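As structure tokens, the structure follows; a few thoughts come after it.
The values are calculated or read from the model by the stated rules, or taken from the named source; none is laboratory data. The model shown is predicted, which means the values in this text are computed figures rather than measured ones. Counting neighbours? That spans all protein chains shown, and the Cβs are built from the backbone with ideal geometry, glycine included.
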There are 2 protein chains.
Amino acid sequence: MSNRICDLFEIKYPIIQAGMIWCSGWRLASAVSNSGGLGIIGAGSMYPDILLEHIQKQKIASNKPYAVNLPLLYPDIEKHIKTIIEQQVPIVFTSAGNPSTWTKILKAEGIKVVHVIANTKFALKAQDAGVDAIVAEGFEAGGHNGREETTTLCLIPQINKAVELPIIAAGGIGSGKSMLACMVLGAEAVQIGSLFAASQESSAHIKFKQKITELKEGETQLSLKKLTPVRLVKNEFFQRVFNAESNGASTEELQTILGKARSKLGMFEGELMEGELEIGQISAMINEIKPASQIVQEIWEEYLMAKKEVLGLI
Amino acid sequence: MSNRICDLFEIKYPIIQAGMIWCSGWRLASAVSNSGGLGIIGAGSMYPDILLEHIQKQKIASNKPYAVNLPLLYPDIEKHIKTIIEQQVPIVFTSAGNPSTWTKILKAEGIKVVHVIANTKFALKAQDAGVDAIVAEGFEAGGHNGREETTTLCLIPQINKAVELPIIAAGGIGSGKSMLACMVLGAEAVQIGSLFAASQESSAHIKFKQKITELKEGETQLSLKKLTPVRLVKNEFFQRVFNAESNGASTEELQTILGKARSKLGMFEGELMEGELEIGQISAMINEIKPASQIVQEIWEEYLMAKKEVLGLI
């Protein structure tokens, strides 16, 4: 059995590891790709020379398909694009920006292009730009997020109705059951972030990984909505932002509180109180740091089991 | 085929119409119950004599099981409880309050009790209070909502892990596919609000029903978080609240903007600009005002079809 996403990426399981700043370098991406899913190198937190290094190491560590995630608002985007083309990266996931600028250039090089969206308007724009597939990411996802706050359960059917392209569901997926739920809604694959952020091969700081395994329900929240909405762990930094927002802080005041390099401080350097810790709501269900290969295998086996159990439902 | 919820309520389909202020009187509840689902009279917007009248009319219009939804913070709660017991209402859904106070009293009268929750903490409290089932309602739901903002996709697995009781999923459900998605996650029934709020038998004002059919993605938002979070249509009233919140309005200032009886003004009297219009995110997928019986039948048939289609998934 196969489907459009497995055929497009030439992967065994329709399980995609999200490209995540400070978490997904070549170690994680190659582990996922070698396990039959699609691993993604997250370029958003990499200088151009670092991205090149990760791609080169990826090629040594795995001969399976992989992708690079590229936030289109990245300041040095031309350099990243150049590296991606020169290194013949097979698949690019673009996000946070306009897909019309780069899609044709990448596709002309034989690169498959996927764009991440959180609403129908951008799904249609991505389709017009000529992408091969769409990631539809719901409100429960970690990190940057759509202003409409549409949840995965509401978003997937809407995107499915609006576009013909294959859809990859993202946000809130942490088990084979939630994978099946998204496939039932019309997705043809799932993109999983939080579970892989806490995996052994994630480049996140061990303190951040441990924090993920300890988080409880309601301990993340969409924040900084006057800047760019982002789902964060409710730590001391979050609380300061929250208090400022409650008191009507302006975008400038929020920008000052945010400062610079705070996500690196939190996720890569392990400063749990003052760092920006981006993670999804489903972190409340994560209790263990596991190898990426085990995550892929468990999700897939749970998915197959959940499919069988459907027959027993009323 | 059956399951615990169908057996508990003695209903044919595990489809429950949410008790909704200003929308769900006896006409809607009896239409849903007569169609094989469970109809609920929403007591939250009824004076005690009005509730009595609705229960009496329900009994004439249908001999099938039905329920009354009772917000436990209702000021005249003792009178409502008295009516419910005297009228031998078979099932009560309680919400917005502590289930420990009334559950035993209702159960001693042979009444089945279900409590609505939005987090694990209250699911466990409801279980301790002795309820028969739990409604787990996600962030995407219309009306009042949990402070944790946990979406249905994340909430159902968490509640399923925490309690043994049968779970009714609510929030974001508007099709047989989303019903199946929730059943896959561990629910044994779904509670549907928005679709029934826009049904022919809903007591909502026709202008509000039409408004629901016109809403697009992102046109509802969780609001008034400093008071009690509530998902509202983004109309002129919402915008005024939003602006005040952005500027750091206090709870007192927000209470003044809110005033009194604004939900009646919007949903029952059809004042679309200045009224409080409570509806779920899934309203973006509702394009037609239908009879409640058609809604039940379509959801059920889609659900059965979606079950079959699971076999064709990878």
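Of everything in the range A:209-255, what is at the interface with another protein chain (Cβ under 9 Å from one of its Cβ atoms), free of Cβ contacts under 8 Å to residues at least 40 places away in the same chain and within 18 Å of A:GLY193 (Cβ to Cβ)? Give them in sequence order. Matches in the range A:209-255: A:GLN221 only. Within the range A:1-46, the set of residues being among the basic types (Lys, Arg) and assigned to a loop (DSSP other than H, G, I, E, B) comprises just one member, A:LYS12.
Any chance you could count how many residues in the range A:55-99 are in contact with a Ser or Thr (Cβ under 6 Å, 6 or more places away or on another chain) and either part of a helix (DSSP H, G or I) or not assigned by TED's automatic domain parsing to the domain that holds A:ALA123 (or both)? Residues flagged as in contact with a Ser or Thr (Cβ under 6 Å, 6 or more places away or on another chain) and either part of a helix (DSSP H, G or I) or not assigned by TED's automatic domain parsing to the domain that holds A:ALA123 (or both) within the range A:55-99 amount to 2.
There is at least one residue in the range A:142-158 that is under 20 Å from A:LEU8 (Cβ atoms) and either free of Cβ contacts under 8 Å to residues at least 40 places away in the same chain or among the hydroxyl-bearing types (Ser, Thr, Tyr) (or both).
Residue-wise test of (1) over 30 Å from B:ILE117 (Cβ atoms); (2) in contact with a Lys or Arg (Cβ under 9 Å, 6 or more places away or on another chain).
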| position | (1), (2) |
| --- | --- |
| A:LYS225 | no, yes |
| A:SER246 | no, yes |
| A:ALA249 | yes, yes |
| A:GLY280 | no, yes |
| A:ILE299 | no, no |
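When you look at B:SER175, is it closer than 22 Å to B:PHE93 by Cβ and modelled with pLDDT of 95 or more, yes or no? Here the answer is no, as B:SER175 does not meet what is asked. When A:LEU254, A:LEU227, A:LEU258 are screened for being aliphatic (A, V, I, L, M), under 15 Å from A:ASN145 (Cβ atoms) and surrounded by fewer than 24 Cβ atoms within 10 Å (Cβ to Cβ), only A:LEU227 passes. Screening B:ARG147 on (1) crowded, with 24+ Cβ neighbours inside 10 Å; (2) within 13 Å of chain A (Cβ to nearest Cβ) shows it passes everything except condition (1). The selection criterion, being under 22 Å from B:GLN17 (Cβ atoms), modelled with pLDDT of 95 or more and small (Gly, Ala, Ser), does not hold for B:SER223. With respect to A:GLU140, is the statement that it is among the charged types (D, E, K, R), buried (at least 24 other Cβ atoms within 10 Å of the Cβ) and either in contact with a helix residue (DSSP H, G or I) (Cβ under 6 Å, 6 or more places away or on another chain) or more than 9 Å from every other protein chain (Cβ to nearest Cβ) (or both) true? Yes, satisfied.
Tallying residues that are crowded, with 19+ Cβ neighbours inside 10 Å and of a type in the set (Ser, Thr, Tyr) within the range B:285-314 yields 1. Within the range A:83-116, the set of residues being among the charged types (D, E, K, R) and touching a helix residue (DSSP H, G or I) at 6+ places or on another chain (Cβ under 8 Å) comprises A:LYS104, A:GLU109, A:LYS112. With respect to the stated conditions, A:ASN63 fails to be surrounded by fewer than 24 Cβ atoms within 10 Å (Cβ to Cβ), farther than 23 Å from A:TYR13 by Cβ and of a type outside the set (Lys, Arg).
Please verify whether the range A:262-270 includes one or more residues that are in the same structural domain as A:GLY142 (by TED's automatic domain parsing) and surrounded by fewer than 24 Cβ atoms within 10 Å (Cβ to Cβ). Checking the range A:262-270: not a single residue is in the same structural domain as A:GLY142 (by TED's automatic domain parsing) and surrounded by fewer than 24 Cβ atoms within 10 Å (Cβ to Cβ).
Yes or no, residue by residue, for (1) within 14 Å of chain A (Cβ to nearest Cβ); (2) surrounded by fewer than 23 Cβ atoms within 10 Å (Cβ to Cβ); (3) over 20 Å from the mean Cα position of the chain (by Cα); (4) at pLDDT below 95:
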residue: B:GLY110; (1), (2), (3), (4): no, yes, yes, no
residue: B:VAL114; (1), (2), (3), (4): no, no, no, no
residue: B:ALA123; (1), (2), (3), (4): yes, no, no, no
residue: B:GLN127; (1), (2), (3), (4): no, yes, no, no
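Yes or no: A:GLY266 at positive phi and at pLDDT 95 or above? In short, no.
Kindly indicate whether any position in the range A:50-58 is of a type in the set (Val, Ile, Thr), surrounded by 21 or more Cβ atoms within 10 Å (Cβ to Cβ) and touching a strand residue (DSSP E or B) at 6+ places or on another chain (Cβ under 6 Å). So far as the range A:50-58 goes, no, none of its residues is of a type in the set (Val, Ile, Thr), surrounded by 21 or more Cβ atoms within 10 Å (Cβ to Cβ) and touching a strand residue (DSSP E or B) at 6+ places or on another chain (Cβ under 6 Å).
Considering only residues in the range B:172-191 that are more than 7 Å from chain A (Cβ to nearest Cβ) and within 18 Å of A:GLY186 (Cα to Cα), the one that is surrounded by the fewest Cβ atoms within 10 Å (Cβ to Cβ) turns out to be B:GLY176. Hey, could you check the range B:1-39 for residues that are out of contact with any helix residue (DSSP H, G or I) (no Cβ under 6 Å at 6 or more places or on another chain) and of a type in the set (Val, Ile, Thr) and say which is farthest from the other protein chains (Cβ to nearest Cβ)? So, considering only residues that are out of contact with any helix residue (DSSP H, G or I) (no Cβ under 6 Å at 6 or more places or on another chain) and of a type in the set (Val, Ile, Thr), the one farthest from the other protein chains (Cβ to nearest Cβ) is B:ILE16. When the range A:150-162 is filtered for residues that are over 16 Å from the mean Cα position of the chain (by Cα) and facing another protein chain (nearest Cβ under 7 Å), the ones remaining, listed by number, are A:THR150, A:LEU153, A:CYS154, A:PRO157, A:GLN158.
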